[in-house]
Amino acid sequence: MNASASKENMLKKIRQALSTSVPVPFPVHDASSGLFSPPSEDETVLFAEAFTALQGKFALCENENELRVQLSNLLHLKEWNKVYCADAAMAKYCGILKTHPTLDDCDVSITGCAYLVARTGTMVLTSQQPHGRTSGIYAPVHICVAYNHQLVYDLKDALYFLKEKYGHSLPSFITFASGPSRTADIEKTLVTGVHGPKEVYCFLVDG
């Protein structure tokens, strides 16, 4: 069979395929709707379950007083004395009287976040926050402090609210952190802390 005949045979098969209707695999699916169902339980519970499943450590605080007590107990228990916090206001209401001046040799870094994504247990961090680009990435331990009004169900909700807030001037850096840094590149063995913090905590203030 020459090249021209082969080409014509291939085109004939394509025309036959196009003339035969193929059943739609998801006939009732609306492309504008979400891929995931709305939450059937409280978003705080969803986030806590997803976050801890990814080796994150979660603490729910009734108010800021309880936040200060729980955080102080953790720092004392772990003997973390070099606490880096780029946000002076956050350091104050977290009860951190003295912060460590540099990130590269700290024991732990404390930041806020833009949103918490309940479905995936994800913290959304941006460069517009006082901690900047690096505080939640380069410290050996990352502690995120958030409030329940920052909880959203899905990633698309977080992106929607970021766009609503910043319009066309989105932050130059938006990152999605779900638990400690993990990689399985080394002989397919899961290793934590290679590209980021070995431990990640989230203190959620319910108020």
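So how many residues does region 91-135 have that are of a type in the set (A, V, I, L, M) and farther than 26 Å from residue 49 by Cβ?
Selection size over region 91-135: 4.
Here is a list: 139, 146. Which entry is in contact with a strand residue (DSSP E or B) (Cβ under 6 Å, 6 or more places away or on another chain), among the small types (Gly, Ala, Ser) and modelled with pLDDT of 95 or more?
Only one candidate passes the filter, namely 146.
Within region 61-96, track down each residue that is among the charged types (D, E, K, R), at pLDDT 95 or above, on the phi < 0 side of the Ramachandran plot and part of a loop (DSSP other than H, G, I, E, B).
82
Which one of the conditions (1) closer than 27 Å to residue 45 by Cβ; (2) under 15 Å from the mean Cα position of the chain (by Cα); (3) without any contact (Cβ under 8 Å) to a residue 60 or more places away in the chain does residue 135 fail to meet, given that it meets all the rest?
For residue 135, the exception is condition (1).
Check 162, 125 and return the single one that is outside any loop (DSSP other than H, G, I, E, B), aliphatic (A, V, I, L, M) and within 19 Å of residue 89 (Cβ to Cβ).
Answer to the selection: 125.
Among the candidates 126, 120, which residue alone is of a type outside the set (Asp, Glu) and free of Cβ contacts under 8 Å to residues at least 60 places away in the same chain?
126
Among 94, 106, which is the only one that is closer than 25 Å to residue 60 by Cβ and of a type outside the set (Gly, Ala, Ser)?
None of the others qualify; the one that does is 94.
Within region 130-178, track down each residue that is in contact with a helix residue (DSSP H, G or I) (Cβ under 9 Å, 6 or more places away or on another chain) and of a type in the set (S, T, N, Q).
148, 175, 178
Can you pull out every residue in region 97-111 that is part of a loop (DSSP other than H, G, I, E, B), within 24 Å of residue 174 (Cβ to Cβ) and modelled with pLDDT of 95 or more?
106
Search region 165-207 for residues being among the small types (Gly, Ala, Ser) and under 16 Å from residue 140 (Cβ atoms), and hand back the single one that is modelled with the lowest pLDDT.
Ranking the candidates gives 193 first.
The values are calculated or read from the model by the stated rules, or taken from the named source; none is laboratory data. Remember, predicted model here, so these are calculated numbers, not experimental data. Note that each Cβ is placed from the backbone with ideal geometry, even for glycine, and that neighbours are counted across all protein chains shown.
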